[in-house]
Amino acid sequence: MLRAMVLACRVHLFSRTQFGRYTKIPHIAELKLQNRKAAYDPHYLFLFLSLSFVVCASVGAEDLDYWQIVLTYDSEELTLMEASEMGPMRKKVRTPGLLGAPGVIECRAEWIDESGDLLATTEAQIPVGRRVAETSSDHSTEFMPQAGVIVIRIPGPAHGTTPRSIRLVPTQAKKFGGIVREDHKAFRELGSQDLLIENLKRVGQTSKVEGPISATKVRDTGDDGNRFVLVFVGDGYTAGNLSSGDYDTDISNLLNSFETNNSWSVFFDGTNFYRVDVESNEEGADEERGPGEPSPPPVDTYFNTSFWTQGLERLLDSDTVGEMRAIMAADDLVGVGVWDQIVMVVNSDKYGGSGGDVVVTSVNPGAATAIMIHELGHSFVGLADEYTSPYPGYPPGDPEPNVDFDTFLPMIKWHVWIGRDTDLPTPDIPANDGVVGAFEGARYLENGIYRPMRDCLMRTVSNPNFCKICNEAHILEYMRSVELTDNVVPPAGSAHKIEPPGMNFGVVPLPIEGFEYEWSLGGQVLEEAVKPELQITQGDVTPDAQELKLVVSYPSPHVRQEVIEKTFVWYVQDSGADTFTPTPTRTHTPTFTLSPTQTFTSTETPTMTDTPTSTMVFTDTHTPTATATETSTQTSSPTLTETLTTTETASPSPTERLLEYDLNGDNTVNAVDLVMHLFNIESETSEVETVFDFSLDWQHERQGQ
């Protein structure tokens, strides 16, 4: 049983980290686990091992910058339209729609210069396919358009280099490999040709967008560089619709729905929204008709939206030209890489929409907001549909955070939300409304897979809110996408002699309610200091250097599966001291390489890292017998320095730690030691890949593949 649980943990964790991004330098972080989860939680037991695989692509890549690549495709060819350098931002770089994409093609990206020489080799994930709600309440379909636009954001050559082309070599197709139609020659030949860069855009460079377009920031909560940024673009709105305020009213109604939704309302005050005004020559969209009715004449709209795309009445989508125009508008008027999601709003009352890197919705009075927020549940968070209506050929699996094959309490992804007296599986009866359990039926299956609650916006589009687990997933994904603070003053990691009358320290947090602050000086918690800023006077410090520490946390009642916090450290002492002698530290820089095979070359498994997919903070709750603090410094911007603090523990032997493993969740276990013990591994680095391969084999067996 224990061995099976270890393998299950491995599978769950890699399903969560497979879409991880890459960052040049890790941000400040301490890893923290809650006691009740650390002993058996399938998402975190293998945290340290999994991070070692992610970090191999993220550290040691200081010579790379982020780029946005815009591709167009049809049945014959894939064309690289634009390669644009992205400016510096504190938030995580996101490929739009990647988490909820029906298909993902993982590639090795080879950047080639004018001479044909290789500039850099990085990793790329290409989202393919779109979603459409076939009816108002019980089904949706994934499909591969005949032609379309793909936006990806990946590491690329450093600023100043000039790439001529990119070769994308597929390494794996994930999720729904069959979504790429056989008649798409463009994807079949991926990797056999160099994609010439049609347009190279440097940081700060803009190109004039065709058409009368302007942008208004309709909600400004702070710097776009540390906010989730959503851009509305309108189609089928004439000059009269714009001047009369019709378009403004439609956007305001959609914007208000974010504030009233239970998930988006939590971080609404930390989200920025833009409205892009676009004038179309005619109102509406193409093919606004019912089944069996004759096709009306096409209408002249800027983004070329149409119902009945690929024969599906409710599939409202734009064509390749229209989607390219929307991306250009967002790039030029908001910023390359600055926007995180585009929502195309179509001036039609007919029910319809679709989801993907660009979410499309009509302004149907009864369904527009629900369509939009449901599709964002896929695109932003990667949630699964919880419908039970059949979907022939839909691939098996439970990688999404809101579905699970398991009904054994410790193995269920959301087990920390389930009461000990809850029946598992949980009867689908009205008496269990509001109960978190394991309700059978989700992901287009009636049996064998389970959802957290009876109803949710991912199950019934008419439901205005998400269930508790989908709600938590939204909050966690938002917190992973941004930094918890906009600024730190003075820069963390710096050392200061305190002069009269004193010196102010502090942070500027995200403008979201619920943050808490704990200050400590010299290891002693300052009980009265509960604000984001603190003044230290000369009388507070000693001639010897002391550590001043601030822990910023977000103890939300809506989050149980992870601890959200971030730690900042400074060193202070009395200005009368002759020299500054900060607390002794040992500097250690793990060695990693960025290569096509993602080889991990460190001779020591790092105990801490900040993964590109998360700004979460976790700490191993095992109580050490002796600790040594290791500190390194990173500059996020010319004015902001953050400190990465890690802890090295003098720990018991693997067997002693294994004895602490407790299914009741009262104790913790070091994941590396546990795996080494179970598989008789002597070196912490020599057999990690073998363990990973074995766990994947077990996953395939578990799913009957």
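The values are calculated or read from the model by the stated rules, or taken from the named source; none is laboratory data. These figures come from a predicted structure and were not determined experimentally. Neighbour counts run over all protein chains shown; Cβ positions are idealised from the backbone, glycine included. Surface areas here come from the heavy atoms of the whole protein model, side chains and all, with no ligands, DNA or RNA. Shrake-Rupley method; radii C 1.70, N 1.55, O 1.52, S 1.80 Å.
Rounded to the nearest angstrom and listed largest first, the equivalent-ellipsoid semi-axes of the range 450-544 from its Cα gyration tensor are 43, 13, 11. Residues in the range 431-478 average 30 Å² of solvent-accessible surface per residue, probe 1.4 Å, ligands and nucleic acids excluded. Distance distribution note for the range 203-310: the fraction of Cα pairs above 20 angstrom is 54%.
Ranked by the mean number of other Cβ atoms within 10 Å per residue, highest first, peptides 387-400, 344-357, 78-91, 420-433 order as 344-357, 78-91, 387-400, 420-433.
Computed in the context of the full set of protein chains, the accessible area of the range 64-104 at 1.4 Å probe radius has 50% of its extent on carbon or sulfur. One equal scatterer on each Cα of the range 189-266, no solvent, Debye formula: the resulting log10 I(q)/I(0) at q = 0.11 Å⁻¹ is -0.54. Each peptide in 295-301, 373-379 gets a packing score, the mean of other Cβ atoms within 10 Å over its residues, and the list from highest to lowest is 373-379, 295-301. Leaving out ligands, DNA and RNA, and with a 1.4 Å probe, what % of the accessible surface on the range 331-474 is carbon or sulfur? After summing per-atom areas, the C and S share lands at 52 percent.
Treating each Cα of the range 340-417 as an identical point scatterer and summing with the Debye formula, the log10 of I(q)/I(0) at q = 0.21 Å⁻¹ comes to -0.98. Averaging 1/r over every pair of different alpha carbons in the range 287-432 and inverting the result gives a Kirkwood radius of 18.4 Å.
The amide H of Asp300, built 1.01 Å from its N in the peptide plane, has Glu282 as neighbours under 5 Å, considering only residues 5 or more places off or on other chains. Over every pair of different alpha-carbon atoms in the range 266-335, take the mean of 1/r and invert it; report that Kirkwood radius in Å. It works out to 14.1 Å. Each 10 Å bin from 0 upward holds the following percent of the Cα-Cα pairs of the range 85-124: 21, 37, 34, 7.
For the range 126-284, taking the reciprocal of the average inverse distance between every pair of different Cα atoms yields a Kirkwood hydrodynamic radius of 19.9 Å.
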